[in-house]
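The structure appears right after this line, and notes come after that.
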Amino acid sequence: MAFETYECQACGDEFKAFEDSEAAANGYCSPRCEVDGKGL
Ligand SMILES: [Zn+2]
């Protein structure tokens, strides 16, 4: 497994996550951003 850098779709911050992690798949740096990004 490897860390990759991603840009959060909600807040725009860069964050590192394992390439096969849920965060990488979703593109959000945190559960809070996932809620904001999806408008839930
Ligand atoms: Zn974020």
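Laboratory data are not the source of any read-out in this text; all were calculated from the coordinates shown. As the structure is a computational prediction, the values presented were derived from the model and not from experiment. For neighbour counting, all protein chains shown are included, and Cβ atoms are generated from backbone atoms with ideal geometry for every residue, glycine included.
If you go through the stretch 18-36 and keep only what is of a type outside the set (Phe, Trp, Tyr) and assigned to a loop (DSSP other than H, G, I, E, B), you end up with GLU19, ASP20, SER21, GLY27, CYS29, SER30.
A search for C-beta distances below 6 Å between a residue of the stretch 9-38 that is among the aromatic types (Phe, Trp, Tyr) and any residue that is surrounded by fewer than 11 Cβ atoms within 10 Å (Cβ to Cβ), counting only pairs 6+ apart in sequence or on different chains, returns PHE18/MET1.
The rows are residues; the columns are (1) surrounded by 11 or more Cβ atoms within 10 Å (Cβ to Cβ); (2) within 9 Å of the ligand (Cβ to nearest atom); (3) on the phi > 0 side of the Ramachandran plot; (4) of a type in the set (Asp, Glu).
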site: ALA2; (1), (2), (3), (4): no, no, no, no
site: CYS8; (1), (2), (3), (4): yes, yes, no, no
site: GLY12; (1), (2), (3), (4): no, yes, yes, no
site: ALA17; (1), (2), (3), (4): yes, no, no, no
site: ALA25; (1), (2), (3), (4): yes, no, no, no
site: GLU34; (1), (2), (3), (4): yes, yes, no, yes
site: LYS38; (1), (2), (3), (4): yes, no, no, no
